[in-house]
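> One structure coming up, written as structure tokens, with questions to follow.
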Amino acid sequence: MKFLYAAYAVTWIIHLSYLGWMSRGYRRVRQEMRELEERK
Amino acid sequence: MKTKFAAAGLIALALLAYAFYLGMFEAPTEATMGNVQRIFYYHVPSAWTAFLAFLANFLASIVYLAKRSKRADAFAVSAAEVGVVFCTVVLITGPLWARPVWGIWWTWDARLTSTLILWLIYVSYLILRRFSTGGQTPLLAAALAVFGFIDVPIVYMSIRYFRTQHPQPVVAGGPGSGIDPVMLKALLMNWVAFMVFAAIVVALRYRLERLRQHVEEAHALHDEQADADHVQFVGDVTLPSGRAIG
């Protein structure tokens, strides 16, 4: 059973890590957009 | 837009929860492997979803090569990234199943090796996009994607063409193949759930890539404007001799 639990856990760790990375990407892009707005 | 994503996310969550229930509790326990066989309900749908994501990347790359569309380029990179994520799941859940069933984590048979090569091809694609500079990056990446996709049918057919340690296909595998109808239901339900989840993630990633493209365009425009202002400024300078520069 430990291999089954490990497989299911690893699957969601990978997906959630990717979503977290994407969320950081959104924050960075929004920050850059704000800086561009300020420069105008 | 946010409400649409939230609604789609809730639908995906409900589907994933139902598919998890089917795979863990409703599908019968396999006679020889026991409960570890249930890894199959995550491993196989993840592989099929990765193949579809790479197909989407292939089609978008062809559109980019034909039309130089920035939207197609954004879609191509989004699909490739999601494909790599699902392919990573396949490459990790596979050995977690193999260790208790085969007694080894890995073997260099045709299916496993071609899947690892597939993962490496698309990781190379993403590295190329991330670290190369210059305006030709999307073009080079699209060309790599078109040739890289050749490995997808090789991976899919490898267990049909070669004698492999990897199990033979249980769905669309020809005479003698097949699984219990409840197992098939759990498998297909997990695939549908993962496809809905993948479609949402691709849509989110596509939106992020389009925002990045707009920011890059705005930066380029800003730099051009700064250069033009600089030339204007130099042009306004008058030399002591009375001649203006520019």
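FYI, it's all coordinate maths here, none of it is from the lab. The model shown is predicted, which means the values in this text are computed figures rather than measured ones. Here the Cβ is made from the backbone with ideal geometry for all residues, glycine too, and neighbour counts use every protein chain on show.
> Starting from the Cα of B:Gln165, step 7 Å along the direction of its Cβ; do the same at B:Phe25; then give the gap between the two resulting points in nm.
A separation of 3.6 nm, rounded to one decimal place.
> Which whole-number percent gives the relative contact order of chain B, counting Cα pairs below 8 Å spaced six or more residues apart?
The value is 28 percent.
> Viscosity 0.692 mPa s, temperature 37 °C: what is the translational diffusion coefficient of chain A from Stokes-Einstein with a Kirkwood Rh over Cα pairs, rounded to a whole number of µm²/s?
267
> Now for a separate question. Taking the dipole about the Cα centre of the range B:14-211, with the C-beta of Lys and Arg at +1 and of Asp and Glu at -1, give me whichever of B:Ala53, B:Cys87, B:Gln37 is farthest to the positive side.
B:Ala53
> How would you rank B:Val36, B:Val146, going from fewest to most other Cβ atoms within 10 Å of each one's own Cβ?
B:Val146, B:Val36
> Same structure again: Scan chain B and report its longest stretch carrying no trypsin sites (Lys or Arg not before Pro) that are both in a DSSP loop and have at most 15 other Cβ atoms within 10 Å.
B:69-162
> For the range B:14-211, take the alpha-carbon Rg, divide it by the Kirkwood Rh, and send me Rg/Rh.
Across the range B:14-211, the Cα-based Rg/Rh ratio is 1.00.
> Taking the Cα centre of chain B as the origin, how large is its charge dipole in debye, to the nearest 20, when only Lys and Arg (+1) and Asp and Glu (-1) carry charge on their Cβ atoms? Numbers along the way, then the final one.
Numbers: 19 positive and 15 negative charges, 95 e Å.
Using Cβ point charges on Lys, Arg, Asp and Glu, chain B gives about 460 debye.
> Please report the Cα spread of the protein assembly as shown along all three principal axes, rounded to whole Å, starting with the longest.
Cα spread of the protein assembly as shown along its principal axes, largest to smallest: 97, 41, 31 Å.
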